[in-house]
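Peer 1: Before I ask anything, here is the structure I am working with.
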């Protein structure tokens, strides 16, 4: 027999929102790429070119920026699926 009254609310699990929690400073990678490489790092639509992301990962010494760049590469791959 079902309980009457309160309906169950669907809660989003924490795992489904990992991307929002992983991005600590939105726009950080984009501003870094603009400052370092200028407009040549971007496509006409405004997306960051993968070749420049790879180059930036190799060149940067800052660990937190490096992890942000790696996350950007990972999200770019997920977008293609």
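None of the figures in this text is laboratory data; all of them are computed from the coordinates on show. Note that this is a predicted model, so its numbers are computed, not measured. Here Cβ is always computed from backbone atoms with ideal geometry, including for glycine, and neighbour counts include all displayed protein chains.
Peer 1: Among the residues of the stretch 18-36, write down those that are assigned to a helix (DSSP H, G or I) and either more than 14 Å from residue 48 (Cβ to Cβ) or touching a helix residue (DSSP H, G or I) at 6+ places or on another chain (Cβ under 8 Å) (or both).
Peer 2: Listed by number, the residues that qualify are 18, 19, 20, 21, 22, 28, 29, 32, 33, 34, 36.
Peer 1: Sticking with this one: Condition first: more than 16 Å from residue 28 (Cβ to Cβ), in a helix (DSSP H, G or I) and within 15 Å of the chain's Cα centre (by Cα). Now tell me which residues in the stretch 46-81 satisfy that.
Peer 2: Answer for the stretch 46-81, where residues must be more than 16 Å from residue 28 (Cβ to Cβ), in a helix (DSSP H, G or I) and within 15 Å of the chain's Cα centre (by Cα): 50, 54, 77, 78, 79, 80.
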